[in-house]
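For reference, the structure is listed below as structure tokens.
The values are calculated or read from the model by the stated rules, or taken from the named source; none is laboratory data. The structure presented is a predicted model; accordingly, all values stated were derived computationally and were not measured. Virtual Cβ from ideal backbone geometry, glycine too; neighbours counted across all protein chains shown.
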Amino acid sequence: MATPPDLQLVNLTKRYGTTTAVDAINHHFRAGVYACLLGPSGCGKSSTLRMIAGHESVSDGSVVLGGTDVSHLPPAKRGTAMMFQNYALFPHLSVTDNVAFSLKMKGVDTATRRKRAAEMLELVDMSAQAERLPAQLSGGQQQRVALARALITQPQVLLLDEPLSALDPFLRIRMRSELKKLQRELGITFIHVTHGQDEALALADEIVVMNNAVIEQSGAARDVFNAPRTDFVARFMGGHNVIALPHGGQVAVRSDRISLTDPSAGRLEGRIMTIEYQGTAVTLNVRATGDQDIAALIPEEQYFANPLTEGTAVGLTWEDVAMHSLHA
Ligand SMILES: Nc1ncnc2c1ncn2[C@@H]1O[C@H](COP(=O)(O)OP(=O)(O)OP(=O)(O)O)[C@@H](O)[C@H]1O
């Protein structure tokens, strides 16, 4: 098999009138990576994905796949395929005909189309529903059909725009592990847009965090979570406190890395405002020096060995290695 290609975004820019939705971003996606584009609503994730797919024109810069600039090629000629948020299935076509649709457009004969569609349906475990209409399928089944339909073109890069957002929470977790398994089996690049941090952490080899039309940070999921570089990334990834130190500077410290001590023995002093039981842990929300709210996540057993009450004065401390300096 030929080596799968890397995908590069070079100064990629999208403007809609006076709005700059994507501002000269640069990124190199290694072939075969499962990447999540993560960020809040309106940060430019979908515009980026649509430019890679060719469903949106590029205002400036380029999309380079395997060394070839594909920025101006039509979607079907790029080696990419897109799976849309609402799946966009044709309601009057059977599952098989939906999956085979792009081959029909390419003029592939009926027998070959049906054979390839059957292979794809087997891949996503939907052979038994091949002759149904989309309306006769559950949300999870429609999603599998949409996947099969995107994969039948044998893309080198599969682009997924919020692929799990239409599913209920239980199914979302099941389908996300299936997506990951499928990506491993196929060995192609998946670029998955989401605004869910949990989803990105669970799926991604690489997380690309976007904010205000630019890439704020990218890297392995664990690195982005454990060492956020900016205040925005620390807050957006969750599980962190952004702390202004008494002698200056701003750091991120994970809530589960903060421990309580005597008021005068901590790095900061504070008072417990609220105590929330969360099953495996207890969150103590502390109002600390400088009027900052800091959350400490204490394992359940440890907390109940020495329970505290709201209003108690405490010290907050953490190890040096748990502290990451933040850039503005
Ligand atoms: N067709 C369009 N015309 C004008 N402005 C647009 C268009 N599409 C997107 N925008 C604007 O560009 C910016 C980025 O939008 P985009 O859809 O890429 O963000 P997103 O991060 O995918 O958001 P969401 O998570 O809400 O889908 C937003 O300010 C949006 O209003």
(Q) Just to verify a result, which residue in the range 144-189, among those that are among the polar types (S, T, N, Q) and free of Cβ contacts under 8 Å to residues at least 60 places away in the same chain, is nearest to Met82 (Cα to Cα)? (A) Gln154
Q) Is it the case that some residue within the range 286-301 is in the same structural domain as Arg15 (by TED's automatic domain parsing), away from the ligand (no atom under 16 Å from the Cβ), in contact (Cβ under 8 Å) with a residue 24 or more places away in the chain and not aromatic (Phe, Trp, Tyr)? A) no
Q. Within the set of pairs 6+ apart or on separate chains, which have a first residue in the range 49-71 that is more than 18 Å from Asp6 (Cα to Cα) and among the β-branched types (Val, Ile, Thr), a second that is more than 13 Å from the ligand (Cβ to nearest atom) and at pLDDT 95 or above, and C-beta atoms under 6 Å apart?
A. Val58/Ser71
Q. So, of the residues in the range 59-82 that are surrounded by 17 or more Cβ atoms within 10 Å (Cβ to Cβ) and on the phi > 0 side of the Ramachandran plot, which turns out to be modelled with the lowest pLDDT?
A. Gly79
Q) (1) surrounded by fewer than 15 Cβ atoms within 10 Å (Cβ to Cβ); (2) in the same structural domain as Thr20 (by TED's automatic domain parsing); (3) in a loop (DSSP other than H, G, I, E, B): which one isn't true of Ala166, the others all being true? A) (1)
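So that you can scan it fast, the table gives a plain yes or no per residue for (1) assigned to a loop (DSSP other than H, G, I, E, B); (2) in contact with a Pro (Cβ under 7 Å, 6 or more places away or on another chain); (3) within 27 Å of Leu201 (Cα to Cα):
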{"position": "Pro5", "(1), (2), (3)": "yes, no, yes"}
{"position": "Leu12", "(1), (2), (3)": "no, no, yes"}
{"position": "Ala21", "(1), (2), (3)": "no, no, yes"}
{"position": "His27", "(1), (2), (3)": "no, no, yes"}
{"position": "Ser62", "(1), (2), (3)": "no, no, no"}
{"position": "Ala76", "(1), (2), (3)": "no, no, no"}
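Somewhere in the range 75-95, is a residue aliphatic (A, V, I, L, M) and within 13 Å of the ligand (Cβ to nearest atom)? So that I can check it myself, show each step before the final result.
As a first pass, look at the range 75-95 and keep what is aliphatic (A, V, I, L, M): 76, 81-83, 88-89, 93, 95.
So of that shortlist, the ones also within 13 Å of the ligand (Cβ to nearest atom) come out as none.
The answer is no, given that none of the residues of the range 75-95 is aliphatic (A, V, I, L, M) and within 13 Å of the ligand (Cβ to nearest atom).
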Q. Does any residue in the range 244-259 that is more than 19 Å from Asp223 (Cβ to Cβ) and in the same structural domain as Leu316 (by TED's automatic domain parsing) come within less than 7 Å, Cβ to Cβ, of a residue that is aliphatic (A, V, I, L, M) and assigned to a loop (DSSP other than H, G, I, E, B) six or more places away or on a different chain, and which pairs are these?
A. Gln250/Leu326
Q.
Restricting to the range 3-32, and then to whatever is among the hydrophobic types (A, V, I, L, M, F, W, C) and buried (at least 19 other Cβ atoms within 10 Å of the Cβ), can you tell me which residue is nearest to the ligand (Cβ to nearest atom)?
A. Ala21
Q | Residue under evaluation Ile215, criteria (1) within 17 Å of Leu37 (Cα to Cα); (2) touching a helix residue (DSSP H, G or I) at 6+ places or on another chain (Cβ under 8 Å), criterion not met | A | (2)
